[in-house]
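**Q** One structure is given below, represented as C-alpha cells, and several questions about it will come after.
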Amino acid sequence: MSKLYDKYKKLKNEDSNKVYLFKNGIFFIAIDSDALLLQEKLNLKVTNLNNEILKCGFPVNSLNIYVIKLIQNNLDFKFIDEKYDTITSPEAYLNSIKIEKIISIIQTTDMDNTSPKDAYNILIKLQDNLNELEEAING
C-alpha cells in the first residue's frame, strides 16, 4: 500500500467520522470511504488511485468553493498537507495559505525597482490580504 493510504488508515482509526482531504500536487483528494461520501454529498467523480483504492478530488484553486460545500453538507473535515508540520483545521489551513500569499508578495517585491505608484499598489494588496486574514480569524 501507499504512504498516503497508510496515513489515511491511521487518521481514520483516530477519528472515523472526519473526512480527510490530502493535498496531492494541484489537487485535494479524498480516498476510500471518504471518496464515496464526497461522491454522494458533492457529486464528485470517483476514480481509482490504484487497483484497490478509490479517490476523488478537486483542484486546489477551487478550495474556497469546496470548503463552503463541505460545510453546507455538515461534513467534518481536515486538510492534510505535508508542507505543514501539523494537521490543521480548515480555518487554520486557509489562514496559512493567506499568510503565505502575503509573504510571497513581500518576497517578490523588487524594492530597488519599485516606483512610488507600485509601492502604493503593493501596500493596498497587502492591506486587502491582511483584512481578509483578520476577517477569517475573527469570524
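The values are calculated or read from the model by the stated rules, or taken from the named source; none is laboratory data. From a predicted model like this one, the values you see are computed outputs, not experimental measurements. Reconstructed Cβ throughout: ideal geometry from the backbone, glycine too, with neighbour counts over all protein chains shown. What goes into the accessible areas is simple: the full protein's heavy atoms, side chains included, and nothing from ligands, DNA or RNA. Shrake-Rupley method; radii C 1.70, N 1.55, O 1.52, S 1.80 Å.
**Q** Quick check for me: using +1 on Lys/Arg Cβ and -1 on Asp/Glu Cβ, what's the dipole size of the chain about its Cα centre, in debye to the nearest 20? List each step's numbers first, then the result.
**A** Details: 17 positive and 20 negative charges, 100 e Å.
That gives a dipole near 480 debye.
**Q** Could you give me the percent of Cα pairs per 5 Å distance bin for segment 1-62, shortest bin first, beginning at zero and ending with the bin that holds the maximum distance?
**A** Percent of pairs per bin, in order: 4, 19, 30, 28, 15, 3.
**Q** Multiply the residue separation of residue 120 and residue 52 by 0.36 nm, subtract the distance between their alpha-carbon atoms, and state the gained length in nm to one decimal. Don't skip to the end; give the middle numbers.
**A** Working: separation 68, 0.36 × 68 = 24.48 nm, distance 5.42 nm.
Here the answer is 19.1 nm.
**Q** Run lengths n ≥ 4 of DSSP H only: what is the helix-derived mean residue ellipticity at 222 nm for the chain, with -39500 (n - 2.57) per run over all residues, to the nearest 500? Show your work: numbers first, answer last.
**A** Details: 5 runs with 73 residues, N = 139.
Taken over the chain, the calculation gives -17000 deg cm²/dmol.
**Q** Could you state the accessible area per residue of the chain in Å², with a 1.4 Å probe and every protein chain left in place? Intermediate values should be presented prior to the final figure.
**A** Working: 9220 Å² over 139 residues.
That works out to 66 Å² for each residue.
**Q** Over 23 Å between Cα atoms: which of 10/101; 55/83; 23/69 fall into that group?
**A** Numbers: 10/101 31 Å; 55/83 21 Å; 23/69 18 Å.
Those over the limit are 10/101.
**Q** Enter the angle in degrees (range 0 to 90, nearest 10) between the Cα long axis of helix 3-14 and the first principal axis of the Cα atoms of the chain, meaning the one along which they spread out most.
**A** Once rounded, the angle reads 80 degrees.
**Q** If I compute solvent accessible area with a 1.4 Å probe over the protein chains, what percent of it on segment 1-106 is carbon and sulfur? Let's see the in-between values first.
**A** Values: 3190 of 6380 Å².
Summing carbon and sulfur atoms, their accessible area is 50 percent of the total for segment 1-106.
**Q** Also, I was wondering about something else. So how tilted is helix 90-107 from the main axis of the chain? Cα-based, degrees 0 to 90, rounded to 10.
**A** 30
**Q** Starting from the alpha-carbon convex hull of the chain, give the projected area averaged over all orientations, in nm². Intermediate values should be presented prior to the final figure.
**A** Numbers: hull surface 41.0 nm².
Quarter of the Cα hull surface area: 10.3 nm².
**Q** Taking amide H positions as placed in the peptide plane 1.01 Å from N, state which residues far from residue 77 in sequence (5 or more) or on other chains have amide H under 5 Å from it.
**A** 19
**Q** Could you tell me the relative contact order of the chain? Use alpha-carbon pairs under 8 Å, at least six residues apart, and round to a whole percent. List each step's numbers first, then the result.
**A** Values: 129 pairs, mean separation 26.0, N = 139.
The normalised contact order for the chain reaches 19 percent.
**Q** Angle, helix 63-72 long axis vs. longest principal axis of the chain, Cα atoms, 0 to 90°, nearest 10?
**A** The helix 63-72 is inclined about 50 degrees to the chain.
**Q** If you don't mind, another one. Filter the chymotrypsin sites (Phe, Trp or Tyr not before Pro) in segment 26-99 down to the DSSP loop ones having no more than 16 other Cβ atoms within 10 Å, then list what survives. If you can, show how the numbers build up before the last one.
**A** Working: sites: 27, 28, 66, 77, 79, 84, 93; in loops: 84.
Answer by residue number: 84.
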